[in-house]
1. On a full-extension model of 0.36 nm per residue, what is the gain between A:Cys3 and A:Lys29, subtracting their alpha-carbon distance, rounded to one decimal in nm?
2. Could you tally the net charge around B:Phe150, taking each other residue with its Cβ under 9 Å from the Cβ of B:Phe150, Lys/Arg +1 and Asp/Glu -1?
3. To make sure I understand, if each residue's beta carbon is the centre and we count other beta carbons within 10 Å, what order do B:Lys65, A:Lys29 fall in, fewest to most?
4. Hey, got the average number of other protein chain Cβ atoms within 10 angstrom for residues in A:39-49?
5. Please order B:His81, A:His27 by the number of other Cβ within 10 Å, starting at the fewest.
6. Could you tell me how many cubic angstrom of Cα convex hull volume segment B:1-64 has per residue?
7. Hey, quick one: spin label on A:Glu174, modelled 7 Å out along Cα-Cβ, who in segment A:139-164 has an amide N within reach, i.e. under 16 Å?
8. For each of B:Arg33, A:Arg120, count neighbouring Cβ atoms within 10 Å of the residue's Cβ, then give the residues from fewest to most.
Amino acid sequence: MSCSPFDLRDYYFQELAENERRVTEVHVKTCAHCREELDRLRGTEAALLTLPDEEIPQRIGFVSDPVFEPSAFRRGWESLWGSASRLGFASAAMLSVALMVFAFIRPVPQIGAPAPAIDRTALEAGFSGRVNEAVGKAVAQSEARQERRTQELLAAAEKRHELETQAMMVRVQEYLEVEKKRLNTLILASNDAGNPAANPNGDAR
Amino acid sequence: MILRAVEDADLIRKARRGDVEAYNLLISRWERRVYNYLLRIVANREDALDLSQDVFLKAYQNLRKLDDPARFAPWLYRIAHNEAYSLFRKRRPQGETGEFQPETIEGEAAPGGNAVFPIELTLAVSSALGKLSADQRETVILKIYQGFKFEEIAGIVAAPVSTVKSRLYTALDLLKAELAPVKARGVT
């Protein structure tokens, strides 16, 4: 187990940050154990490097053939599509151009120019006409409703009056019948009193 | 180093404009490294050469998609990694789910066996590398033999940096254990 403040193997492979490297370097100078560990790493690497590189058995090379070479336009197009940054830049450039063209061809509104005149009279006339029409319609509907209600009430009153009149006539008729009977009775009584032969027993009624 | 990077970037720009000669020059700078990377992964010269050709062809076809020419090397190795793993998948027997283990090169103890180096150690290294998992072996190759930074390796193999470090350090521990008896005999 290493006592180094930072990974000794990272130090060996020069993968430490500058300040970490300096701290580890100071430690290694005073630590025999870490120096031994570094020696072991060095030995392993040296052993690995005894395996030499080989020469490539056949050189690699390409031949230019215009038939297979893409055209300049195609190379440019592929270059554009092959790179996100270039594509992004091209998109931004096209957007900028479109904005500038739009800014130039768009009619600029004149600042301070009078606003188009509005025919207030016509507007008011139209508005009043619509209001009057709505009010007239509402009044007509209301009057119709009132008229209908009045007719209904009148019909009901007439009917009630007719019934009352009929009832009164019945009562008058009955009264007249009673009075007529009484009168006949009186007439008969007076006749009897003036003609006793008509009552041989002389009984008064 | 900086001058070389600028020159590579210049060649890439020319190749993008259709300059095949510029691309051939770029290939000549990278073909040996790419070939050896593939050879150590697939452990077969013929396959490594075929894959190298495919890698440079695909790189040429997609060169316009490379946004930053300074990142050409990791980008190229990413293509090589994909090509190698595509071959692994094709070669894997139907139904087998285990990872690909490269075969040893027929007639030779190790790729690049050379009398200049102590043959026993070379054999031992080759054998020890063969015992690693494919992921561990590739990480060792990219770090020790190709010299990429962890971040670049992570981009090539499409794995987090922590995974790359874990693979490398585990592999180095295994290699150290495998090579210890040979080194103890003082071959080096």
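1. Details: separation 26, 0.36 × 26 = 9.36 nm, distance 1.27 nm.
Length gained between A:Cys3 and A:Lys29: 8.1 nm.
2. Numbers: positive: B:Lys143, B:Lys149, B:Lys165; negative: A:Asp10, A:Glu15, B:Glu151, B:Glu152.
Within the 9 Å Cβ shell, the charges total -1.
3. Details: B:Lys65 14, A:Lys29 9.
Taking fewest neighbouring Cβ atoms as first place, the list is A:Lys29, B:Lys65.
4. 6
5. With the fewest neighbours first, B:His81, A:His27 line up as A:His27, B:His81.
6. Dividing the Cα hull volume of segment B:1-64 by its residues yields 82 Å³.
7. A:164
8. With the fewest neighbours first, B:Arg33, A:Arg120 line up as A:Arg120, B:Arg33.
Just so you know, all these numbers are worked out from the coordinates, no wet-lab data involved. Not measured: the values here are computed from a predicted model. FYI the Cβ positions are ideal-geometry reconstructions off the backbone, even for glycines, and counts take in every protein chain you see.
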